[in-house]
Amino acid sequence: MARASRLDSRFDTALFALCVFLAIVVHGLPDRLRDPLTGALRQTVLVPLVSLQHNAGLSRAAWLAHGENARVQDSVSLQAMRALALESENDRLRRVLGLGGKLRWGFVPAEALHSGAVGDEYTLTLSAGANAGVRPFSPVVAPDGLVGMVQTVDPRMSIAIIWTHPDFRVSARAADRSAFGIVQAHEGSGSDRYLLELRGVPVRNEIKKGTLIVSSGLGGVYPEGIPIGTVIDTLRSDGYARKYLLRPAVMPSDVLSVMVLQPQRAAGGVAPVWAATVAAADSLARLSAAADSAAAARAAGAPAHPIFPDSTRPPNASVAAPAPNAAAAAPPNPDSVAAAARARELRRARRDSIRADSARRANSDSARQARTDSTRRALIENARPAPLPADTTRRDTTRPVPPPSTPR
Amino acid sequence: MTWRSLRPILAFVILVVLHYTLRPVLEWRTSIDFLLIALLLAAVRMRPGAAAVLGFAMGLVADSLSAGAFGATLAMTIVGFAASWLRAVVFAENLVLHAAFFFAGKWLYDIIFLLVERRVKGLDLVFQLLIWSPLTAMVTALAGLLVLIIMRPMLDTQPA
């Protein structure tokens, strides 16, 4: 028994020694012999294990790729959000650039900072001060219109009141010069807090809804022609003056970049800068007013349009035409028969007139649409920024532009 | 061949499959060596000579499927023989002892493998042998214990 055990032990030791010897031999094999050996093993008996290892590697790669994809998607979403913000900022800056290109000189560009503190909701802190040429009582404008007025000036910054300030006043007029008044903040609450009032308009001067109100240039602070707001409603009149509610051209929360007009630039007038806006608003208001008056006249039974009077209808046709029931009830006599025939003719003429009127209305609508489109195109054209100067140095916008030199 | 004698072989195959599926997916720095667990569990059920042959075969497989030199063949041969010989000398059905057995087997394997491969040298070799190898051996020992607990019905060859 012990001998058998010793034999087994010797056999195990011999086997172990053989395995170690073979392992050392395999380990010492040169690459040119080792690679074919391992390759042969991988392509024969180890195929299932190779396949398992390969699939596991693919699974891990897919898992890692999934994480990477999620990261990329998050990154893309973030970039898209940033792109939207950049697009908005780009658009805003382009509009400011366009305004600067139109103003050409006599303005100081500034960033507007909203403090948000209690008591400061009516003011803006501007990033330009006396060193840049800002002076007190200078008008502050944005591409869409009037923002407010500089109140306090420090060397490097200034504070401006915006139109929501209780002390804000500006002399204003309708874009078509049909009425004058004073614009101030509307003393309302909630969403009405961000509206304006046009006060002191004489009772005889009625302003239609949609009329653009611009600065009148009276008073000496604000130059003429800066858009202030649009009439949206009529308020209760007090005495001999009318009051109108205006939707402001510029919302304070949207103001991030502004232009401060210098006194000499304000004195020089800025009406051409917003001329296209004023003209477009004026023509739209005219069209709207014409349409309103035509509708009102039609509702009252009057001729549809005073420009196209119904020539077939006599001035007193409504009085001369008898009622159908009255004609039927009256005894037939030569006069009544003639009157009935005349009434039939008048009805026919009136039908023709209505038909012609609807055709005219259709033409008028299409013309208005075309006019609106052309106005919109003009606005877009005007909103485009002026081309940047060739040199990259910042030009001095506070000095008048020299007159163009004539070629010799 | 009865079902009772087939169960350890099945457990062995499962561990080998786990080595080539779970390990590449996890890809931990201190990865679990299921192949060594399989070798140790098989070696304690064999004679030392057969365990050395099994270690040699498994090392050859491991070396063929990796890019290194043939260091695993020698290491697994020695570890297999030593595990079987230790089983013949001292062994008990104790989980802590099994854990120590797995730990020592894996560490011994790493020492032989790293010394034979001669790929890591100097301070890195010291760090690898004294820090990373013990950590890997510990993780493998824990995994071995888990395997023992889960596969106990399959590994128990004694009649009930």
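First check a/c for the range B:1-62, with a ≥ b ≥ c the square roots of the eigenvalues of its C-alpha gyration tensor; if it is under 1.5, answer rounded, and if not, answer prolate when a/b is larger than b/c or oblate otherwise.
Judged from the Cα gyration tensor, the range B:1-62 comes out oblate (a/c at least 1.5, b/c at or above a/b).
Give me a comma-separated list of calculated 3J(HN,Hα) values for the range A:44-50, in order, Karplus coefficients 6.51, -1.76, 1.60 applied at θ = phi - 60°, integers in Hz, x for any Gly or Pro.
My calculation for the range A:44-50 gives 10, 6, 9, 4, x, 5, 4 Hz in order.
If we count every other residue with Cβ under 14 angstrom of residue B:49's Cβ, Lys/Arg +1 and Asp/Glu -1, where does the sum land?
Summing Lys and Arg as +1 and Asp and Glu as -1 gives +3.
How would A:77, B:64, A:9 line up from fewest to most surrounding beta-carbon atoms within 10 angstrom?
Going from sparsest to densest Cβ surroundings: A:77, A:9, B:64.
Once you order the gyration tensor axes a ≥ b ≥ c over the Cα atoms, which shape class does the range A:182-227 get: rounded for a/c under 1.5, otherwise prolate or oblate by comparing a/b with b/c? List each step's numbers first, then the result.
On the way: a/c = 1.83, a/b = 1.27, b/c = 1.44.
Since a/c reaches 1.5 but b/c is at least a/b, the shape of the range A:182-227 is classed as oblate.
When a/c is below 1.5 the answer is rounded, else prolate if a/b is larger than b/c, else oblate, so apply that to the range A:57-122 with a ≥ b ≥ c taken from the square roots of the Cα gyration tensor eigenvalues.
Values: a/c = 6.92, a/b = 2.44, b/c = 2.84.
It is oblate, given that a/c is not under 1.5 and a/b is not larger than b/c.
By count of other Cβ within 10 Å, fewest leading, how are A:186, A:114 ordered?
A:114, A:186
Could you give the length gained by full extension between residue A:54 and residue A:79, i.e. 0.36 nm per residue of separation minus their alpha carbon distance, to one decimal place?
Contour length minus the Cα-Cα distance gives 5.4 nm.
Among the lysines, select those whose C-alpha is under 18 Å from the C-alpha of residue B:121, and discard any that sit fewer than 8 residues away in the same chain.
Answer for residue B:121, where 18 Å is the Cα cut-off: none of the lysines qualify.
Quick one: if you stick a label point 7 Å off each Cα along the C-beta vector at residue B:30 and residue A:42, how many nm between them?
Distance between the two pseudo-spin positions: 3.1 nm.
What's the exposure ranking of A:222, A:244, A:194, going from fewest to most Cβ atoms within 10 Å?
By the 10 Å Cβ count, ascending, the order reads A:194, A:244, A:222.
Karplus couplings for the range B:117-127 from phi (6.51 cos²θ - 1.76 cosθ + 1.60, θ = phi - 60°), rounded to Hz, Gly and Pro as x?
After applying 6.51 cos²θ - 1.76 cosθ + 1.60, I find 5, 6, 8, 9, 9, x, 5, 4, 5, 5, 4 Hz.
Could you run the Karplus curve 6.51 cos²θ - 1.76 cosθ + 1.60 with θ = phi - 60° over the range B:35-48 and give me ³J(HN,Hα) per residue in whole Hz, x for Gly and Pro?
5, 6, 4, 4, 5, 5, 5, 6, 5, 6, 10, 10, 7, x
Would any residue of the range A:150-167 have its amide N under 12 Å from a label point 7 Å out along Cα→Cβ of residue A:115? List them or say none.
A:152, A:158-161
Between residue A:91 and residue A:177, what is the FRET efficiency for a Förster distance of 22 Å, r being their Cβ-Cβ separation, to the nearest 0.05?
About 0.10, to the nearest 0.05.
Each value in this text was obtained by applying a stated rule to the coordinates, not by laboratory testing. All values reported here derive from a predicted model rather than from experimental measurement. Ideal geometry is used to build each Cβ from the backbone, glycine not excepted, and the neighbour counts take in all protein chains shown.
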